[in-house]
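Student: Below is one structure. I have some questions about it.
The values are calculated or read from the model by the stated rules, or taken from the named source; none is laboratory data. Bear in mind that the values here come from a model prediction, so they are computed numbers and not experimental data. Virtual Cβ from ideal backbone geometry, glycine too; neighbours counted across all protein chains shown.
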Number of protein chains: 2
Amino acid sequence: MTDAVRMSLEDVHAAAKAAMLGQGFADNHATAIANTVTAAERDECRHHGLFRLPFYVNGLRSGQASPDVEPVLTELAPGVLKVDAGYAFSPLALERGDAPLAERAKEHGIAALAVTNALNVAALWPEVERLADRGLVGFAFVSSSPYVAPAGGIKPLFGTNPMAFAWPRLDGPPVVFDQASSASARGEIQLRLRDGESLPDGWAIDSHGRPTNDPQEALLGAQMTFGGFKGSNIALMVELLAGPLLGDKISFEQAAHDKANTGAPCGGELVIALDPARFVAGGDRVAQLKHAELLFQSLLAQDGARLPSGRRYEARRRSEADGVMVPRSLVDSIESYIAGKVVIERAKYEGDHITASMASA
Amino acid sequence: MTDAVRMSLEDVHAAAKAAMLGQGFADNHATAIANTVTAAERDECRHHGLFRLPFYVNGLRSGQASPDVEPVLTELAPGVLKVDAGYAFSPLALERGDAPLAERAKEHGIAALAVTNALNVAALWPEVERLADRGLVGFAFVSSSPYVAPAGGIKPLFGTNPMAFAWPRLDGPPVVFDQASSASARGEIQLRLRDGESLPDGWAIDSHGRPTNDPQEALLGAQMTFGGFKGSNIALMVELLAGPLLGDKISFEQAAHDKANTGAPCGGELVIALDPARFVAGGDRVAQLKHAELLFQSLLAQDGARLPSGRRYEARRRSEADGVMVPRSLVDSIESYIAGKVVIERAKYEGDHITASMASA
């Protein structure tokens, strides 16, 4: 990295928060966005780190995201809580729902959180990891803009529709996965377009439904689900759980709602929490978690096999010790944000959202 | 079909039940097994139909399955019910848990059913379809014998670990999928071995971890997960949800428990039910389900795309009108079962369970 700046995680958080404040977010949202961006930067999920700030800015400047609305928590049923995000970005709504959801799960054994009217451009693992840090098992499901063809079809219908899962451990951070229903992330195709690289087989079809390795053709066509019809079924499930179940939007409705083409789809997210102690008589959570360790040990005993999130935790240890390296150009853009400058969104791909890099005006 | 007998679904049920009674099951289990076998036969899921009766018989004759124990329903938490199957086959336990789970889900919005100590050789879709028939969204997860290598590994660790999901519809049967975390069902490999056919790429590795198209080598080696590491993550999730969460067995512990090698692993199953009406203020389930129809219509508007379970419902219409065709050899075996004859299990594959076909002694 020839021109990069080393920043502590405290510095990353302070810079992200100041940038959001500088662009007009109120303290509540600026803090929550900085929290999620810093967590991603820390775990070297750069795509959701500082690199992602333009999406938040663009959502705000387009008028589609509220700068300051406070999420509203209500009870829909004894086991179901709702947080109406009020057409603001999701991190604050998810933070507000976290403790109440955990409390309900511990009381009832299982509980759900319906987050609605939230602009979502963040990863899902933070919310399920938080639940697991409280000793709970967590699921999360969110839909997005329609980029992915159903198995057998040729036109975009589903979002990349990630689902996340977390299992708590007695020692150390939880086992967590957060994976798209598509074969690849949208951003991975965009990066290959930028770098002039071709796509692996199985990622995408062109606008005629033919398999393609050309990133430009892929962005004009459709992404494919992972694992064929099984991944397509999971994409369908996520679509139903994050949309109609919550009275919120299907991916193609989110796209229609995103009139300013901000790349920040507005919709629902379903989070489910289970308390392991309430799934066995006597509630001996320690025995359950020790039991799960047998499975993890057997998996890790196989060369080449690894637990999901292992790499993320290795990165976390490095970042907590040494901070992270941030490209100079990104630091410059953040400084413009902090100074309140208007920052121009980058060129759009046809039918696609802005690229996750910044150019200051 | 040169030598087959047409049977009405009533005849299938009566024959299956009489066979189970003839082999020593009490009425409660004989009826529940006949219910699940008949549903599978009706939907042309032949692998779980009459063809599957030897697994039930073998589990009983080995002494591993109770012929008559009544499942015990208890409440573990306001949102969590448990049915201890008492080391008997799962269909009766699942039937006993169905209405109480649905009632809890309607009361609390979301509820879970922990089925433990159940021998499982049936499909998962009947339990989630029943929930959807009650207007609920259903999930089910079950682990099995260790046949599947984790992504990156080369040795069997996970079961084929299916998960099922169901979404209710206003008109007609629900949208349901029930899919293994492995690239293929175990039985599909066994059928290709029997028929001298090779396996598609991506299904299996041999005992040295090399990709193989040879069914014999595959059965000695390991099956692969669908969709690479993403399918492997789902297999891991299912393992945790059906095992340690419920205080029940991991797949490799199920195999150790199956001393008689019956091919009927004994373990846990997690079923989760959500009431859509409790996920929106005002509880207008009709609006939610109509909304979901927009998604289904968009999917079906694409040539080649289809909803999961569509083929099963087409088969159901045929079977309900015309009955099903059952091979004469299978009818003969069932008649031996009904007469109480001891039926010899077929040759075993190395490290594997009995083949799902019958030979009477």
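Student: Suppose we filter B:Ala149, B:Ala77, B:Ala112, B:Ala105 for residues that are touching a helix residue (DSSP H, G or I) at 6+ places or on another chain (Cβ under 9 Å) and within 23 Å of B:Gly187 (Cα to Cα); which single one remains?
Tutor: On the way: B:Ala77 fails: within 23 Å of B:Gly187 (Cα to Cα); B:Ala112 fails: within 23 Å of B:Gly187 (Cα to Cα); B:Ala105 fails: within 23 Å of B:Gly187 (Cα to Cα).
When all the criteria are applied, what remains is B:Ala149.
Student: Examine region B:249-258 for a residue that is within 30 Å of A:Ala77 (Cβ to Cβ) and out of contact with any helix residue (DSSP H, G or I) (no Cβ under 6 Å at 6 or more places or on another chain), and state whether such a residue exists.
Tutor: Going residue by residue through region B:249-258, those that are within 30 Å of A:Ala77 (Cβ to Cβ) are none.
Looking through region B:249-258, none of the residues is within 30 Å of A:Ala77 (Cβ to Cβ) and out of contact with any helix residue (DSSP H, G or I) (no Cβ under 6 Å at 6 or more places or on another chain).
Student: In the list B:Leu220, B:Leu236, B:Leu240, which residue meets the criterion of being at pLDDT 95 or above and outside the structural domain of B:Glu129 (by TED's automatic domain parsing)?
Tutor: Just one listed residue meets the conditions, B:Leu220.
Student: Against the condition surrounded by fewer than 19 Cβ atoms within 10 Å (Cβ to Cβ), in contact (Cβ under 8 Å) with a residue 24 or more places away in the chain and either at the interface with chain B (Cβ under 7 Å from one of its Cβ atoms) or closer than 24 Å to B:Phe158 by Cα (or both), how does A:Phe296 come out, does it pass?
Tutor: Values: surrounded by fewer than 19 Cβ atoms within 10 Å (Cβ to Cβ): yes; in contact (Cβ under 8 Å) with a residue 24 or more places away in the chain: yes; either at the interface with chain B (Cβ under 7 Å from one of its Cβ atoms) or closer than 24 Å to B:Phe158 by Cα (or both): yes.
Yes: the conditions hold for A:Phe296.
Student: In this structure, does A:Thr36 turn out to be at pLDDT 95 or above and within 15 Å of A:Thr116 (Cβ to Cβ)?
Tutor: Spelling it out, it is not the case that A:Thr36 is at pLDDT 95 or above and within 15 Å of A:Thr116 (Cβ to Cβ).
Student: Taking region A:90-117 only, how many residues are in contact (Cβ under 8 Å) with a residue 24 or more places away in the chain and within 13 Å of chain B (Cβ to nearest Cβ)?
Tutor: Step one: filter region A:90-117 for residues in contact (Cβ under 8 Å) with a residue 24 or more places away in the chain, giving A:90-98, A:100-102, A:104-106, A:108-117.
Next, only the ones that are within 13 Å of chain B (Cβ to nearest Cβ) stay: A:101, A:104-106, A:108-117.
Adding up the residues that qualify gives 14.
Student: Separate question: Against the definition (assigned by TED's automatic domain parsing to the domain that holds B:Phe279, crowded, with 24+ Cβ neighbours inside 10 Å and in contact with a helix residue (DSSP H, G or I) (Cβ under 7 Å, 6 or more places away or on another chain)), how does B:Pro162 come out, yes or no?
Tutor: On the way: assigned by TED's automatic domain parsing to the domain that holds B:Phe279: yes; crowded, with 24+ Cβ neighbours inside 10 Å: yes; in contact with a helix residue (DSSP H, G or I) (Cβ under 7 Å, 6 or more places away or on another chain): no.
No; evaluated as a whole, the condition is false for this residue.
Student: Can you confirm whether region B:136-152 contains a residue that is among the β-branched types (Val, Ile, Thr) and more than 14 Å from the chain's Cα centre (by Cα)?
Tutor: Looking for residues that are among the β-branched types (Val, Ile, Thr) and more than 14 Å from the chain's Cα centre (by Cα), one finds at least one in region B:136-152, hence yes.
Student: Please tell me if B:Ser181 is crowded, with 20+ Cβ neighbours inside 10 Å, within 12 Å of another protein chain (Cβ to nearest Cβ) and within 14 Å of the chain's Cα centre (by Cα).
Tutor: Judged against the criteria, B:Ser181 is a match.
Student: Run B:Gln223 past the list (1) at the interface with another protein chain (Cβ under 7 Å from one of its Cβ atoms); (2) touching a Lys or Arg at 6+ places or on another chain (Cβ under 8 Å); (3) within 14 Å of B:Gly153 (Cα to Cα) and report the number of the one that doesn't hold.
Tutor: Checking B:Gln223 against (1) at the interface with another protein chain (Cβ under 7 Å from one of its Cβ atoms); (2) touching a Lys or Arg at 6+ places or on another chain (Cβ under 8 Å); (3) within 14 Å of B:Gly153 (Cα to Cα), the one that fails is (1).
Student: Say we look at region A:188-217 and pick out the residues that are at pLDDT below 95 and basic (Lys, Arg); which of these is surrounded by the fewest Cβ atoms within 10 Å (Cβ to Cβ)?
Tutor: For region A:188-217, the residue satisfying everything is A:Arg194.
Student: For region A:309-324, give me each residue that is over 18 Å from the mean Cα position of the chain (by Cα) and farther than 8 Å from A:Arg42 by Cα.
Tutor: A:Glu314, A:Arg317, A:Arg318, A:Ala321, A:Asp322
Student: Moving on to the next point. Of everything in region A:2-30, what is more than 21 Å from A:Asp68 (Cβ to Cβ) and either touching a residue at least 60 places away in the same chain (Cβ under 8 Å) or in a strand (DSSP E or B) (or both)? Give them in sequence order.
Tutor: Selection gives A:Asp3, A:Ala4, A:Val5, A:Arg6, A:Met7, A:Ser8, A:Leu9, A:Asp11, A:Val12.
Student: Given (1) more than 9 Å from chain A (Cβ to nearest Cβ); (2) surrounded by fewer than 24 Cβ atoms within 10 Å (Cβ to Cβ), where does B:Ala151 come up short, assuming only one miss?
Tutor: Looking at each condition in turn, B:Ala151 falls short on (1).
Student: Against the definition (crowded, with 21+ Cβ neighbours inside 10 Å and under 21 Å from B:Ile250 (Cβ atoms)), how does B:Arg130 come out, yes or no?
Tutor: no
Student: Go through region B:259-279 and give me each residue that's among the aliphatic types (A, V, I, L, M), within 22 Å of B:Val238 (Cα to Cα) and in a loop (DSSP other than H, G, I, E, B).
Tutor: B:Ala264
Student: Counting only residues that are crowded, with 16+ Cβ neighbours inside 10 Å and without any contact (Cβ under 8 Å) to a residue 12 or more places away in the chain, which one in region B:299-322 is farthest from B:Gly135 (Cα to Cα)?
Tutor: B:Gln302
Student: Run down A:Gly202, A:Gly196, A:Gly263, A:Gly243 and say which single residue is within 10 Å of chain B (Cβ to nearest Cβ) and at positive phi.
Tutor: A:Gly202
Student: Looking for whichever is aliphatic (A, V, I, L, M) and in a loop (DSSP other than H, G, I, E, B) here; the options are B:Ala132, B:Ala140, B:Ala166, B:Ala151. Which one fits? Let's see the steps before the verdict.
Tutor: On the way: B:Ala132 fails: in a loop (DSSP other than H, G, I, E, B); B:Ala140 fails: in a loop (DSSP other than H, G, I, E, B); B:Ala166 fails: in a loop (DSSP other than H, G, I, E, B).
Answer to the check: B:Ala151.
Yes/no matrix, rows are residues, columns are (1) at pLDDT below 95; (2) not assigned by TED's automatic domain parsing to the domain that holds B:Arg278:
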site: B:Met7; (1), (2): no, yes
site: B:Glu44; (1), (2): no, yes
site: B:Arg52; (1), (2): yes, yes
site: B:Pro78; (1), (2): no, no
site: B:Ser90; (1), (2): no, no
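Student: Follow-up question, since we're still on this one. Which one of the conditions (1) part of a helix (DSSP H, G or I); (2) at the interface with chain A (Cβ under 10 Å from one of its Cβ atoms) does B:Ala256 fail to meet, given that it meets all the rest?
Tutor: (2)
Student: Just wondering, is there one or more residues in region A:280-302 that are of a type in the set (Asp, Glu) and at pLDDT 95 or above?
Tutor: Of the residues in region A:280-302, the ones of a type in the set (Asp, Glu) are A:284, A:293.
Subsequent filtering for residues that are at pLDDT 95 or above retains A:293.
Yes.
Student: What's the number of the condition A:Arg42 fails, among (1) surrounded by fewer than 22 Cβ atoms within 10 Å (Cβ to Cβ); (2) under 14 Å from the mean Cα position of the chain (by Cα)?
Tutor: (2)
Student: Within region B:275-290, how many residues are buried (at least 16 other Cβ atoms within 10 Å of the Cβ) and either at the interface with another protein chain (Cβ under 7 Å from one of its Cβ atoms) or farther than 14 Å from A:Leu76 by Cα (or both)?
Tutor: Adding up the residues that qualify gives 6.
Student: Now for a different question. Please count how many residues of region A:226-254 are under 20 Å from B:Lys290 (Cβ atoms) and either in contact (Cβ under 8 Å) with a residue 60 or more places away in the chain or surrounded by 23 or more Cβ atoms within 10 Å (Cβ to Cβ) (or both).
Tutor: 18
Student: Another one. Return yes when A:Ala39 is part of a helix (DSSP H, G or I), in contact (Cβ under 8 Å) with a residue 24 or more places away in the chain and touching a Cys at 6+ places or on another chain (Cβ under 9 Å) and no when it is not.
Tutor: When the stated conditions are applied, A:Ala39 passes them.
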